[in-house]
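Engineer: Input: one structure, supplied below.
None of the figures in this text is laboratory data; all of them are computed from the coordinates on show. No experiment lies behind these values; they were computed from the predicted model shown. Don't worry about glycine lacking a Cβ; one is built from the backbone with ideal geometry, like all the others, and counts go over all protein chains shown.
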Amino acid sequence: MKAVVFDGVDFVKLADAPKPDLHTSKDVLIKVTHASICGSDLNILAGKIKVGKDKIIGHEGVGVVEKVGSDVKRIKPGDRVVVPVSVHCGECTNCQKGRFNFCEHFGMFGHQPGWGDLPGTQAEYMRVPYADAVLELVPPGVSEEQAILVGDNLITGYMGCENGSLSPGDVVVIFGAGPVGLCAVASARLFGPSLIISVDLLDYRLDAAKRLGADVTINSSQTDAAKEIKKITQGQGADVAIEAVGSPETLNGCLESVRGGGVISILGVFPFTKVEISIRDFHRRNLQMRAGITNVANMGRLMSLIQYGKLDMGPLITHRMPLSKAEEAYRLSRSRSDKALKIILFPT
C-alpha cells in the first residue's frame, strides 16, 4: 500500500508500506478514505515531536471497516468510522472513570515511540486496536468531511471550552485561529457566551473565525490584543482565555487578557518544557489554569451535534488533495500559503 512517512526533519515522502493485518481479536482493519494534516504532524516535520524515520504519520482519519477481529462486537465490516487521535482499551480502571488519556494501553496514531508506536492515518489502510472502544460510527447523512475533525481538532477545541469552565454570559478569547483555535470558536457557541473574541496574526484566519461564530476578531500584528480586549470589556478582561498556539507570546496574551478570577485553558502544544510565568501574579489575581492532551470522550456528543445541524466545520476545509501530492500538501500547510487552513488527503 501507499503511505506518507516521515523522512527526516522538514521532509515527508510517499512510500510503499506493508498492508497491515489484525494483531489481536479486538482489532479492525480500515480502508482509509479521508485523512488530514494536523498541527502535530507539522511539529513532527519540524523536529519538535520526535518520531523515527519512515514512520507513517497522521492521526485524523475516516474510513470503511474492511475486517474485524472475533471479539469486536459494536463495529461491523462496511461501517464508516472516525479514527481518533488516540487509543484506549475501555476496560481498565482509568477508562472506566473516563480518564482515557491514562489508559493502561494508551497509544497515539502516527506519534512518538512509547505511545503505542501505532502507524498513522495517512495511508491506504490502517489497523485500529480496541476498536469497539476507540472508533466512532459516522451516522447516515453525515459526510466524511463533516466527520473527520471529530477525531482530534474538534474534540480538542471543545475540551478547551470545557477546561475553561465556559458558562453562559461569559466573555471568551481564543488566541490562535488555526484549526484547533477555530474549532474552539465553533465549540464556544455551544456554551452560550456573551462574546467570542478571536486573536490571530493572519486576516484570512480571522475571517474564518467570523464565519464560525466569533463576534470580534483582533489582528495582533496590528494592535495590542490585551489592551483591545480590556477596552472591549470595560477594563475587566475576558472570563476565559484559551491558548491554541503553543507559544510564550500567546500564553502571555492570555495572562494579560483574562480578568481576575478568570480561567486560562491551554490547548497549544509547547515545543519546550519551561515557560516563565509569575506565580505571585496568579495568586494575587486568583487565576486558574488547565491543560492536557485531548480526551476523546466527547466524540459521540460532537458527532450528534453535527448530525443534527448544530455544528458545521465545513468552512475549515480549504484544500482536498490526493495522497500522491502529500509533499505539496505539507508545503501548503507549513507555509500557510493559498489561505490554507485544513487540508484533506484522499488515500484512495
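Engineer: Test of understanding: in a Gaussian network model of the chain with alpha carbons linked when under 10 Å, which of Val180, Val150, Val68 would top the mean-square fluctuation ranking?
Structural biologist: Val68
Engineer: Where q = 0.10, 0.18, 0.23 Å⁻¹, what log10 of I(q)/I(0) comes from the Debye formula for region 159-291, counting one point per Cα?
Structural biologist: For the requested q values the scattering log ratios are -0.26, -0.89, -1.53.
Engineer: Roughly speaking, what is the stretch gain from Asn286 to Asp312, that is 0.36 nm per residue apart minus the C-alpha to C-alpha distance, in nm to one decimal? Mind dumping the intermediate values first?
Structural biologist: Details: separation 26, 0.36 × 26 = 9.36 nm, distance 3.59 nm.
Using 0.36 nm per residue and subtracting the Cα-Cα distance, I get 5.8 nm.
Engineer: At 7 Å along the Cα-to-beta-carbon direction for both Asp338 and Leu201, put a label point, then send me their distance in nm to one decimal.
Structural biologist: Between Asp338 and Leu201, the simple spin-label model gives 2.2 nm.
Engineer: Right, something else. Distance cut-off 30 Å, Cα to Cα: go down the list Lys31/Lys325; Lys48/Lys97; Lys13/Lys73; Lys50/Lys310; Lys19/Lys53; Lys48/Lys325 and report the pairs above it. Mind dumping the intermediate values first?
Structural biologist: Values: Lys31/Lys325 19 Å; Lys48/Lys97 32 Å; Lys13/Lys73 36 Å; Lys50/Lys310 37 Å; Lys19/Lys53 18 Å; Lys48/Lys325 23 Å.
Too far apart for the 30 Å limit: Lys48/Lys97; Lys13/Lys73; Lys50/Lys310.
Engineer: Quick one: net charge of Glu124's neighbours, Cβ under 9 Å, K/R +1, D/E -1? Spell out each step's value before the answer.
Structural biologist: Values: positive: Lys2, Lys19, Lys31; negative: none.
Net charge around Glu124: +3.
Engineer: Determine the distance separating the Cα centre of region 45-108 from the Cα centre of region 268-298; give it in Å without decimals.
Structural biologist: Region 45-108 and region 268-298 have Cα centres spaced 26 Å from each other.
Engineer: Let me have the 222 nm mean residue ellipticity of the chain computed from DSSP H runs of 4+ only, each contributing -39500 (n - 2.57), with the sum over all residues rounded to the nearest 500. Don't jump to the answer; show the numbers that get you there.
Structural biologist: Details: 12 runs with 94 residues, N = 348.
Counting only the DSSP helices, I get -7000 deg cm²/dmol.
Engineer: A further question on this structure: Which residue, Leu302, Pro168, Ala208, has the largest displacement toward the positive end of the dipole of the chain when charges sit on each Cβ (Lys, Arg +1; Asp, Glu -1)?
Structural biologist: Pro168
Engineer: May I pose another question? Please list, in chain and number order, the residues 5+ apart from Gly47 or on another chain whose amide H is under 5 Å from its amide H, with Hs placed from the backbone.
Structural biologist: For Gly47, the qualifying residues are Asp10.
Engineer: Which one, Ser324, Ser25, Ser36, has the greatest fluctuation when you compute a Gaussian network model over the chain with C-alpha springs under 10 angstrom?
Structural biologist: In this elastic network of the chain, the residue with the biggest mean-square fluctuation among Ser324, Ser25, Ser36 is Ser25.
Engineer: Here's a follow-up. Using the Cβ atoms and a cut-off under 11 Å, what net charge is assigned to the surroundings of Leu182, where Lys and Arg are +1 and Asp and Glu are -1?
Structural biologist: Numbers: positive: Arg205, Lys210, Arg211, Lys342; negative: Asp200, Asp207.
That works out to +2.
Engineer: Ok, one more. Filter the chymotrypsin sites (Phe, Trp or Tyr not before Pro) in region 187-288 down to the DSSP loop ones having no more than 11 other Cβ atoms within 10 Å, then list what survives.
Structural biologist: Hits after loop and neighbour filter: Phe272.
Engineer: For the chain, which span is the longest to avoid every loop-located (per DSSP) member of trypsin sites (Lys or Arg not before Pro) having at most 16 other Cβ atoms inside 10 Å?
Structural biologist: Values: sites that count: Lys48, Lys50, Lys53, Lys73, Arg74, Lys97, Arg99, Lys274, Lys310, Arg336.
Longest stretch, sites excluded: 100-273.
Engineer: To the nearest 20 Debye, how big is the dipole of region 20-163 about its Cα centre, given +1 on the beta carbon of each Lys and Arg and -1 on that of each Asp and Glu?
Structural biologist: Numbers: 14 positive and 18 negative charges, 41 e Å.
Computed about the Cα centre, the dipole is about 200 debye.
Engineer: Quick one: among Leu212, Leu287, Leu14, which has the greatest mean-square fluctuation in a GNM of the chain with alpha-carbon springs under 10 angstrom?
Structural biologist: Of Leu212, Leu287, Leu14, the most mobile in the Gaussian network model is Leu287.
Engineer: Another question, then. By a straight-distance test (C-alpha under 20 Å), which aspartates and glutamates pair with Lys274 as possible cross-link partners, with residues fewer than eight away in the same chain excluded?
Structural biologist: Hits, sequence-local ones excluded: Glu243, Glu249, Glu256.
Engineer: Consider the candidate values (1) 32, 60, 8, 0; (2) 32, 58, 11, 0; (3) 30, 55, 15, 0; state which one is P(r) over Cα pairs in 20 Å bins from 0, in percent computed from the structure displayed.
Structural biologist: Step by step, P(r) over Cα pairs in 20 Å bins from 0, in percent for this structure corresponds to label (2).
Engineer: If r is the Cβ-Cβ distance from Phe102 to Arg74 and R0 is 30 Å, what FRET efficiency results, to the nearest 0.05?
Structural biologist: Working from the Cβ atoms, E equals 0.85.
Engineer: Would you please give the FRET efficiency between Lys48 and Asp16, computed as 1/(1 + (r/R0)^6) with r the Cβ-Cβ distance and R0 = 25 Å, to the nearest 0.05?
Structural biologist: Details: r = 28 Å, r/R0 = 1.10.
Computed FRET efficiency for Lys48 and Asp16: 0.35.
Engineer: Starting with the fewest neighbours, write out His23, His319 ranked by other beta-carbon atoms found within 10 Å of each beta-carbon.
Structural biologist: Details: His23 10, His319 18.
Ascending Cβ contact count within 10 Å gives the list His23, His319.
Engineer: Mind putting a number on the dipole of region 159-291 about its Cα centre? Charges go on the C-beta only, +1 for Lys and Arg and -1 for Asp and Glu, and I need it in Debye to the nearest 20.
Structural biologist: On the way: 13 positive and 14 negative charges, 49 e Å.
In total the dipole reaches around 240 debye.
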